[in-house]
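The values are calculated or read from the model by the stated rules, or taken from the named source; none is laboratory data. All of these numbers come straight from a predicted model, not from anything done at the bench. Don't worry about glycine lacking a Cβ; one is built from the backbone with ideal geometry, like all the others, and counts go over all protein chains shown.
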Amino acid sequence: MNAMSLIKRTPWDTAAFGMPTWELTEYSEIALQQAVQTVGHYTVKVEPLADKRLLHEYGFYYCDTLIEPHCNATRLRTVQHAGATISKEFDTEKVLAICHGAFIHGRFHRDFNLPRASADLRYDNWLKQLIDAKQVYGLYWQGMLAGFIGYSDNNLVLHALAEEYRGKGLSKYWWSTVCSELLKNEYDNVKSSISVTNLAVVKLYASLDFSFTRSQDIYHHLVR
């Protein structure tokens, strides 16, 4: 295998952080050797029980553990409320304002080598792309915009609530409605990827009867 094929560019991250960014396509010593020879910021995803010795030897540091909740139409617990509605019609600037700074549990915010403002920009840029692709639902509470859920196919990829709507038990109404909509579009299941540190979201998915089957540890490295 060509050594360069062991690392791939991540141009969306490059745009936010203003440096070359890469992701390793496998966890192996040859991939790590290739990474440390090229300037940039690196991500590698590894199984939680994998031997991490090589990562530490090559200067990689832990940033997060991701888990993947998933559910099908038979198992999904739908919870509805007349005051909670969703729509693809929303004020883009208001949605972007909710997004900005909302992802404090994200691995890029937790990486001490990266500026927080750039981490915020990464998620802002991602949301703009989803909006352009018409892949965002606005979440409304009694007619007021309260948050958003961005998706790609059957995957909920980006979601947040405005601060004043958090911690009130409202999310289950919006999430179950969006999931139901996606399951109507010939998808067998819906899924997401979330940080284990974001306990509120973990509890949300569990309350809707999602299962959790896969986890990955995320390690970063900055080569100057």
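Considering only residues of the stretch 174-192 that are of a type in the set (Phe, Trp, Tyr) and closer than 19 Å to LEU139 by Cα, which is nearest to the chain's Cα centre (by Cα)?
TRP175
Of GLY106, GLY167, which residue is over 17 Å from ILE86 (Cα atoms), crowded, with 18+ Cβ neighbours inside 10 Å and at pLDDT below 95?
Going through GLY106, GLY167 in turn, the sole match is GLY106.
Somewhere in the stretch 122-131, is a residue among the β-branched types (Val, Ile, Thr) and in contact (Cβ under 8 Å) with a residue 24 or more places away in the chain?
yes
Go through the stretch 142-159 and report how many residues are farther than 13 Å from PHE90 by Cβ and assigned to a strand (DSSP E or B).
7
Where in the stretch 1-102 are there helices (runs of 4 or more DSSP H), lying wholly inside it, with at least 2 residues that are within 29 Å of GLN129 (Cβ to Cβ) and outside the structural domain of GLU164 (by TED's automatic domain parsing)?
Qualifying helices (runs of 4 or more DSSP H): 11-17, 29-35.
Considering VAL39, VAL95, VAL46, which residue is under 21 Å from the mean Cα position of the chain (by Cα) and either more than 24 Å from ALA162 (Cβ to Cβ) or among the polar types (S, T, N, Q) (or both)?
Going through VAL39, VAL95, VAL46 in turn, the sole match is VAL46.
Can you name the residue in the stretch 170-200 that is closer than 14 Å to HIS70 by Cα and free of Cβ contacts under 8 Å to residues at least 40 places away in the same chain and is also surrounded by the most Cβ atoms within 10 Å (Cβ to Cβ) among such residues?
Among those residues, the one meeting the criterion is TRP175.
Inspect the stretch 28-40 for any residue being surrounded by 12 or more Cβ atoms within 10 Å (Cβ to Cβ), of a type in the set (D, E, K, R) and either closer than 17 Å to ILE218 by Cα or touching a strand residue (DSSP E or B) at 6+ places or on another chain (Cβ under 9 Å) (or both) and give the result as yes or no.
no
TRP12 passes all but one of (1) surrounded by 15 or more Cβ atoms within 10 Å (Cβ to Cβ); (2) in contact with a helix residue (DSSP H, G or I) (Cβ under 9 Å, 6 or more places away or on another chain); (3) closer than 26 Å to ASN125 by Cα; which number fails?
(1)
Only one of (1) over 22 Å from the mean Cα position of the chain (by Cα); (2) at pLDDT 95 or above; (3) not hydroxyl-bearing (Ser, Thr, Tyr) fails for HIS70. Which number is that?
Against the list (1) over 22 Å from the mean Cα position of the chain (by Cα); (2) at pLDDT 95 or above; (3) not hydroxyl-bearing (Ser, Thr, Tyr), HIS70 comes up short only on (1).
May I ask you to list pairs of residues, at least six apart or on different chains, whose Cβ atoms are under 9 Å apart, with the first in the stretch 85-96 being in contact (Cβ under 8 Å) with a residue 24 or more places away in the chain and the second being loosely packed, with under 10 Cβ neighbours inside 10 Å and of a type in the set (Lys, Arg)?
Close Cβ pairs (under 9 Å, with a partner that is loosely packed, with under 10 Cβ neighbours inside 10 Å and of a type in the set (Lys, Arg)) amount to LYS88/LYS134.
Residues LEU139, LEU130, LEU121: which one is touching a Gly at 6+ places or on another chain (Cβ under 6 Å), within 15 Å of ILE98 (Cα to Cα) and part of a helix (DSSP H, G or I)?
LEU130
Determine the pairs where a residue that is touching a residue at least 24 places away in the same chain (Cβ under 8 Å) and surrounded by 15 or more Cβ atoms within 10 Å (Cβ to Cβ), located within the stretch 60-78, has a partner that is of a type in the set (Gly, Ala, Ser) and part of a loop (DSSP other than H, G, I, E, B) with Cβ atoms under 6 Å apart, the partner being 6 or more residues away or on another chain.
As it stands, the answer is LEU66/SER193; GLU68/SER193, since those pairs meet every condition given.
Hey, any hits in the stretch 84-91 for a residue that's in contact with a helix residue (DSSP H, G or I) (Cβ under 6 Å, 6 or more places away or on another chain) and closer than 30 Å to GLN142 by Cβ?
yes
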